[in-house]
Amino acid sequence: MSTAMNFSSKSFNPRPPDKGSFPLDHLGECKEFKDKFMNCLRESRFDNSLCRQQSKEYLECRMERQLMTKEPLEKLGFKDLIDSNASEKQRQMKT
């Protein structure tokens, strides 16, 4: 009796990532935003929830410079930051 397993019966079909690939920032177009985000992470002991504003700004920079596909910020998990920014602007306009 053979105890060898036959792995050829199942084939592996690779698939691309959900968001696709995106170019690296070779020219450093968003380096300032990346550095702010990384500094925030270090200062907050890598608690990324405290650095969401910097993360949002970094992703906005990448989208503006076509280093990633433009996505609504709400879809990227920043709806609360957008709502709070809009509320702040309205308060400033009233004063």
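The values are calculated or read from the model by the stated rules, or taken from the named source; none is laboratory data. Being a predicted model, the structure only gives us computed values, none of them experimental. Positions of Cβ are backbone-derived with ideal geometry, glycine not excepted, and every protein chain shown enters the neighbour counts. Just the protein is used for accessible areas: all its heavy atoms, side chains included, with ligands, DNA and RNA removed. Shrake-Rupley method; radii C 1.70, N 1.55, O 1.52, S 1.80 Å.
Condition first: at pLDDT 95 or above and within 22 Å of Gly77 (Cβ to Cβ). Now tell me which residues in the range 1-31 satisfy that.
Listed by number, the list holds a single entry, Cys30.
Can you list residue pairs whose Cβ atoms sit under 7 Å apart, with the first residue in the range 43-68 being in contact (Cβ under 8 Å) with a residue 40 or more places away in the chain and the second being open to solvent by less than 50 Å² (accessible area, probe 1.4 Å) and assigned to a helix (DSSP H, G or I)? Count only pairs 6 or more apart in sequence or on different chains.
Every condition considered, the pairs that remain are Met68/Arg62.
Among the residues of the range 61-81, which ones are touching a helix residue (DSSP H, G or I) at 6+ places or on another chain (Cβ under 8 Å), closer than 26 Å to Leu27 by Cα and open to solvent by 30 Å² or more (accessible area, probe 1.4 Å)?
The answer is Met68, Thr69, Lys70, Glu71, Leu76.
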